1. Work through the residues other than residue 88 whose Cβ is under 12 Å from its Cβ and net out their charges, Lys, Arg +1 and Asp, Glu -1.
2. Give the distance, in whole Å, between the Cα centre of the stretch 1-25 and the Cα centre of the stretch 54-95.
3. Taking the Cα-to-Cβ direction at residue 54 and at residue 16 and moving 7 Å from each Cα, how far apart do the two end points lie in nm?
4. Let me check I've understood the local charge: for residue 18, count other residues with C-beta under 12 angstrom from its C-beta, Lys and Arg +1, Asp and Glu -1. What total comes out?
Amino acid sequence: MRVAQSIEQKLTEALKPVRLVIEDDSARHAGHAGHPGAGHKGGESHFNLEIVSAAFAGQSRVARQRVVYDLLKEELAGPVHALSLKTATPEEAGL
């Protein structure tokens with residue numbers, strides 16, 4: 001399973017998001033620390049995530065990030081070097 005698919009599956013199952021955007025931003029980080037290099041197929045080392053979920057209600061920004069990091073601990077221990085997170089409740093996102 002590709003990294004983006006694994007991220008999508010885990011976040012969808014745990015958070016039931018009303019919006020989930022997963023952007024592989026690895027190409028912008030070629031040559032930076034943590035990038036797997038030119039010979040690595042598909043990148044999948046740097047991601048931008050937008051997650052809108054009612055599961056975030058009542059949680060601080062830091063608490064929301066901790067939830068996501070915990071859900072993706074396997075990916076963060078392996079191929080994923082960096083995550084950029086935008087988290088919101090449906091009300092905060094205007095949905």
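1. Details: positive: 19, 61, 64, 86; negative: 50, 91, 92.
Net of charged neighbours comes to +1.
2. 11 Å
3. For the pair residue 54/residue 16, the computed spacing is 0.6 nm.
4. Details: positive: 16, 19; negative: 50, 91, 92.
Local charge sum for residue 18: -1.
Bear in mind that the values in this text are calculations on the coordinates, not laboratory data. Since the structure is predicted, the reported quantities are computational estimates derived from the model, not experimental observations. Cβ coordinates were reconstructed from backbone atoms using ideal geometry, including for glycine residues, and neighbour counts include every protein chain displayed.
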